[in-house]
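The values are calculated or read from the model by the stated rules, or taken from the named source; none is laboratory data. Note that the structure is predicted; figures quoted are calculated from it, not measured. Please note: Cβ atoms are built from the backbone with ideal geometry, for glycine as well, and neighbour counts cover all protein chains shown. Side chains are part of the model used for accessible areas, which takes the heavy atoms of the whole protein and leaves out ligands, DNA and RNA. Shrake-Rupley method; radii C 1.70, N 1.55, O 1.52, S 1.80 Å.
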Protein chains: 4
Amino acid sequence: MVNKMVNNNLLDEMAKILKKSNKQTVKQKKIIEVAITLFAEKGYSNTATSEIAKMAGVAEGTIFKHYGTKENLLLSIMVPFIKDFFPTMADELIGELMNDKCTFEEFLRAFLTNRIAFISENREIFQVVIKEIIYKEELKNEILPYILEAASVRLVKVIEIFKQRGDIKDIPNDSILKMLGTVMSGFFISNFILLNKKSISEDAIEDIVFFILNGFGQSPQ
Amino acid sequence: MVNKMVNNNLLDEMAKILKKSNKQTVKQKKIIEVAITLFAEKGYSNTATSEIAKMAGVAEGTIFKHYGTKENLLLSIMVPFIKDFFPTMADELIGELMNDKCTFEEFLRAFLTNRIAFISENREIFQVVIKEIIYKEELKNEILPYILEAASVRLVKVIEIFKQRGDIKDIPNDSILKMLGTVMSGFFISNFILLNKKSISEDAIEDIVFFILNGFGQSPQ
Amino acid sequence: MVNKMVNNNLLDEMAKILKKSNKQTVKQKKIIEVAITLFAEKGYSNTATSEIAKMAGVAEGTIFKHYGTKENLLLSIMVPFIKDFFPTMADELIGELMNDKCTFEEFLRAFLTNRIAFISENREIFQVVIKEIIYKEELKNEILPYILEAASVRLVKVIEIFKQRGDIKDIPNDSILKMLGTVMSGFFISNFILLNKKSISEDAIEDIVFFILNGFGQSPQ
Amino acid sequence: MVNKMVNNNLLDEMAKILKKSNKQTVKQKKIIEVAITLFAEKGYSNTATSEIAKMAGVAEGTIFKHYGTKENLLLSIMVPFIKDFFPTMADELIGELMNDKCTFEEFLRAFLTNRIAFISENREIFQVVIKEIIYKEELKNEILPYILEAASVRLVKVIEIFKQRGDIKDIPNDSILKMLGTVMSGFFISNFILLNKKSISEDAIEDIVFFILNGFGQSPQ
DNA sequence: CATGAATGAGTGTTCATTCAT
DNA sequence: TATGAATGAACACTCATTCAT
């Protein structure tokens, strides 16, 4: 059913995508691993390549042999997450979910559960991506439109279907998209970036699902 | 009524707070102004003091005469926003709003309108504060608890009142706080940081108010 | 007798010498005072004019109004000590001592007592002068020859007289000068610079007088 | 006999001590060499790292790659001289000298000859060490007690032995130590720091040996 | 006479990047 | 492939000095 697991581990996924034929050496893996941790913690700008090298047990030159520039090392971490992996997975998931004759509530719960699991497993990379997108105006302008477009296209389809099924109020798609974007970006950023949570309880998911569906206003009796 | 304006301009407010009697020179004002713009655009770490100096038409030494360190220049921008100005204003506003016998919907609309206006007027400082809080783990750990505490204390009072008036569903305060935090942080960050909006239309406010109250799920007839 | 005190206070003496007609203002006195203390403690190079200004309760500009440059402030402290005051006093003293029909031992004791008293009273200035002469090769080359010449001329006369009186061994003047220079520079630098003593006990003076006269070797019986 | 030479070259000695297994690169040696020369001539505070770099034919960064800070570069020069090399050598020498049944005069002559040779060979480092110890109060307070203690312990033994042999007058050890310290510090500082001599003639050594043993007072017949 | 805001050349230090081994 | 010594441009920061008030 909807809970079927998809492999979410980015490090493995990257190997397939970024260097289809090039096997990563142990040292390369270690470099990426350390870079993610440090970038997530202190930000790209505040992390020295020398620090990465030391923590990874590697010579400084080795990093540049593999990634050319520090910027490129960052992109080697971010790009797979954003460009290839995210949509691919989402499509799989959405297709899977929509084939079932599930309600919007079921979809929402499954979708959130799945995305939360995904981010939990790749928490640090998520932090790197979000922090850098937010921090550098130019990076934001390059990447954000792509993400928004990719997300809109997919979500509009979903919204349309559930509107037809009568599960969603008759509000313009645009407004729904915005609100969904608002509440989801808020949820992920609050929990995984600001509060640095490692996982989300099922109760918290229930709360947010309920809230998205019903709000917390009391309609006058 | 609830829309009575409170002066929101931070630069003027800072003068009063940070240096009660010390007049800022023209050059100091220009330094702060330029620093805010550059920090907001490229982030603190990616902004050189030499660049600030050049754009402000000032010698680099002048910056350090006044602010001692680059870090302190950042704090001179952030602290007033966070520590003194935010709670003060919020209290005024909440007191004002609660005295009126308004509904939760009216309160929400007024509150959001007021806060949005405030952030719009100090958009760049808001960007600086949020970006730096998100970017540096240590800064986050120092500042975030203060903000959360300050916000919680105030909002719980408000929530209690409207619960008693029957305007808010009977959900644990904690859950409501989280959802409100989620949706508001999402709203402000999406609009003012990610989408870099300069203002918010009244329609958008209506949408978000409606959403918070009712969600967009269609309860089955 | 030989112990008659000569006024040793440099600050007063400087007023007469450096600015014969210009009275020093209170602020000027304070500047010099603070500068001497700080130069003595941390060295000229490690003392900022801003620090002097702050400790003297004076605006930075005031220092430069009076002394033009930091270098000149240093010279205003050193020059009187070296150029005018030192020889003047020594001559008075030597004249006074030689008129008496005293032994070399008496002369030595009186001379050392007098010079030690003088340096004790102007300890910090002495430290400044010695430290700077030692620290900067160029300053040394300008000042040292003058001091050596001045000292030699006076001491040779004294040595000659006591040789004729049979109080000093028949050793070349040059050798005696060197040994006297060695032992006195060693005595002053050890005590007032390295050990930072504020005064010298009479016993210590007796020891050094005895040593200069007799050494501490035991001639075989 | 007592004149057997011990290798005095500090640069070689440092290699052994400071980085037992780490080979110094050619550039590192050049940096130390130039630093010693410039520090000796103008003092640490008046020497810019950029100047050292230029004269050493090295990029400025290279200095900091190897020594971390300018302060540490200074210590890399001073510490071996003071902490390891000085006592080690002195012990070898004293042991060697005391085994022989030599007189105090022979010991003194040999000891001075040896120490003078040592300082001549490492003249500039000696200048750096002395200048910095004198110049910075805090450095003085850290280093001087160590030197005094190390010297006292060794010299007291020597003095005791020669007292028993009847070669030294029956004066308190403390007084002898002070006088010896005074005359030796005076001798080394006068000659190697103030007069900047490169070597000491044998006649000068004879003079100082004679003086220490006998003084230059004429005991009345 | 005294101030203190402003200057700008200079300083120690960092760090992404290169390249000979 | 991996190293790490070397680089040099850039950076935050200092400080003696100037000058309008």
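Defining the label point at 7 Å along Cα→Cβ, can you sort the distances from C:Lys27 to the same site in each other copy, shortest first, in nm?
Ordered by increasing distance: 2.0, 5.1, 6.5 nm.
Return the residues of segment B:118-161 for which accessible area with all protein chains present is lower than in the chain on its own by 10 Å² or more; set the probe to 1.4 Å and exclude ligands, DNA and RNA.
Those residues are B:Lys131, B:Ile134, B:Tyr135, B:Lys136, B:Glu137, B:Lys140, B:Leu144, B:Leu148.
Percent of accessible area on the protein assembly as shown owned by carbon and sulfur, 1.4 Å probe? Walk me through the intermediate numbers first.
Numbers: 22910 of 41510 Å².
After summing per-atom areas, the C and S share lands at 55 percent.
So how much accessible surface do D and C hide from each other in total, probe 1.4 Å, in square angstrom to the nearest 100? Before the final figure, lay out the partial values.
Details: alone 12610 and 12620 Å², together 20830 Å².
Buried: approximately 4400 Å² between C and D.
May I ask you to report, in nm to one decimal and beginning with the shortest, the distances from A:Pro145 to the same position in the other copies, taking label points 7 Å along Cα-to-Cβ?
Sorted ascending, the copy-to-copy spacings read 4.4, 6.9, 7.7 nm.
Residue by residue through segment C:53-58, which ³J(HN,Hα) values in whole Hz follow from phi under the Karplus form 6.51 cos²θ - 1.76 cosθ + 1.60 (θ = phi - 60°), with glycine and proline marked x?
With coefficients 6.51, -1.76 and 1.60, one gets 4, 4, 5, 8, x, 9 Hz.
Hey, in the GNM for chain A with a 10 angstrom Cα cutoff, which one of A:Gln127, A:Gln164, A:Gln28 fluctuates hardest?
Comparing A:Gln127, A:Gln164, A:Gln28 in the GNM, the peak value goes to A:Gln164.
What is the set of long-range amide H partners of C:Cys102 at a cut-off below 5 Å, with H atoms built 1.01 Å from backbone N?
Close amide H contacts, sequence-distant or interchain: none at all.
Nearest beta-carbon of C to the rotation axis carrying it onto D: which residue, how many whole Å?
C:Gly186, 1
How high is the relative contact order of segment A:10-214, in percent, with contacts defined as C-alpha pairs under 8 Å that are six or more residues apart? All intermediate terms of the calculation are to be shown ahead of the outcome.
Values: 118 pairs, mean separation 44.7, N = 205.
Rounded, it is 22 percent for segment A:10-214.
Could you pull out the pairs from A:Lys131/B:Lys83; B:Lys30/B:Lys70; A:Lys163/B:Lys178 whose alpha carbons sit more than 20 Å apart here? Don't skip to the end; give the middle numbers.
On the way: A:Lys131/B:Lys83 24 Å; B:Lys30/B:Lys70 15 Å; A:Lys163/B:Lys178 28 Å.
Over 20 Å apart, Cα to Cα: A:Lys131/B:Lys83; A:Lys163/B:Lys178.
Please list, in order along segment A:102-108, the HN-Hα scalar couplings obtained from phi with the Karplus expression 6.51 cos²θ - 1.76 cosθ + 1.60 (θ = phi - 60°), rounded to whole Hz, x for Gly and Pro.
With coefficients 6.51, -1.76 and 1.60, one gets 9, 7, 4, 4, 4, 4, 4 Hz.
Roughly what angle does helix A:202-214 make with the longest principal axis of chain A, taking Cα atoms, 0 to 90 degrees, to the nearest 10?
Result, in degrees: 50.
Positive end of the charge dipole of chain A (Lys, Arg +1 and Asp, Glu -1 on Cβ, about the Cα centre): tell me which of A:Met55, A:Asn173, A:Ala40 has its Cα farthest that way.
A:Met55
Quick one: accessible area per residue over segment B:10-214, 1.4 Å probe, rounded to a whole number of Å²?
Working: 9190 Å² over 205 residues.
Per-residue accessible area for segment B:10-214 comes out at 45 Å².
Among A:Lys65, A:Lys54, A:Lys29, determine the one that fluctuates most according to a GNM of chain A built with springs between C-alpha atoms less than 10 Å apart.
Result for chain A, Cα springs under 10 Å: A:Lys65 fluctuates most.
Counting only the backbone N, which residues of segment C:191-221 are under 12 Å from the spot 7 Å out from the Cα of D:Glu137 toward its beta-carbon?
C:196
Compute the separation of the alpha-carbon centres of segment A:57-134 and segment A:172-218 and state it in Å as a whole number.
Value for the Cα centre distance between the two parts: 19 Å.
Can you tell me which aspartates and glutamates have their Cα less than 19 Å from the Cα of B:Lys157? Leave out same-chain residues fewer than eight positions away.
Candidates past the 8-residue exclusion: B:Asp91, B:Glu92, B:Glu96, B:Asp100, B:Glu105, B:Glu106, B:Glu149, B:Asp167, B:Asp170, B:Asp174.
Tell me, what HN-Hα J-couplings in whole Hz come from the Karplus equation 6.51 cos²θ - 1.76 cosθ + 1.60 at θ = phi - 60° for each residue of segment A:179-184, using x for Gly and Pro?
Taking θ as phi minus 60°, the curve returns 5, 5, x, 4, 6, 6 Hz for segment A:179-184.
How much accessible surface area, in Å² rounded to 10, belongs to the heavy atoms of C:Glu106 with a 1.4 Å probe?
90
Between A:Asn99 and A:Glu121, what's the calculated FRET efficiency when r is the beta-carbon distance and R0 is 30 Å? Round to 0.05.
0.75
Mind giving me the nanometre distance, one decimal, between the label points for C:Met55 and B:Lys197, set 7 Å out from Cα along Cα→Cβ?
Once both label points are built, they end up 5.9 nm from each other.
Give the long-range amide H neighbours of D:Ile168: residues separated by 5 or more places, or on another chain, with amide H under 5 Å away, using H modelled in the peptide plane at 1.01 Å from N.
Counting only residues 5 or more places away or on other chains, the set is C:Gln218, D:Lys163.
Compute the label-point distances linking B:Glu60 to its equivalents in the other copies; points lie 7 Å from Cα along Cα→Cβ; give nm, one decimal, shortest first.
1.0, 1.6, 2.1
Let me know the shape class of segment D:139-221, please: from the alpha-carbon gyration tensor, a ≥ b ≥ c as square roots of the eigenvalues, rounded when a/c is under 1.5, otherwise prolate if a/b is greater than b/c, or oblate.
Taking the square roots of the gyration eigenvalues as a ≥ b ≥ c, segment D:139-221 is oblate.
As a test of reading the structure, rank A:Arg115, C:Arg165, B:Arg154 by solvent-accessible area (1.4 Å probe, protein chains only), most first. Can you show the working numbers first?
On the way: A:Arg115 10, C:Arg165 85, B:Arg154 50 Å².
Ranked from most to least accessible, the order is C:Arg165, B:Arg154, A:Arg115.
Taking Cα atoms, how many degrees apart are the long axis of helix C:86-99 and the longest axis of chain C, rounded to 10 and kept between 0 and 90?
Roughly 30 degrees, rounded to the nearest 10.
If the only charges are +1 at each Lys and Arg Cβ and -1 at each Asp and Glu Cβ, what is the size of the charge dipole of chain C around the Cα centre, to the nearest 20 debye?
Working: 28 positive and 29 negative charges, 155 e Å.
Computed charge dipole of chain C: roughly 740 debye.
With charges only on Cβ, +1 for K and R and -1 for D and E, what is the dipole size of the protein assembly as shown about its Cα centre, in debye, rounded to 20? Before the final figure, lay out each step's value.
Numbers: 112 positive and 116 negative charges, 224 e Å.
Dipole magnitude for the protein assembly as shown comes out near 1080 debye.
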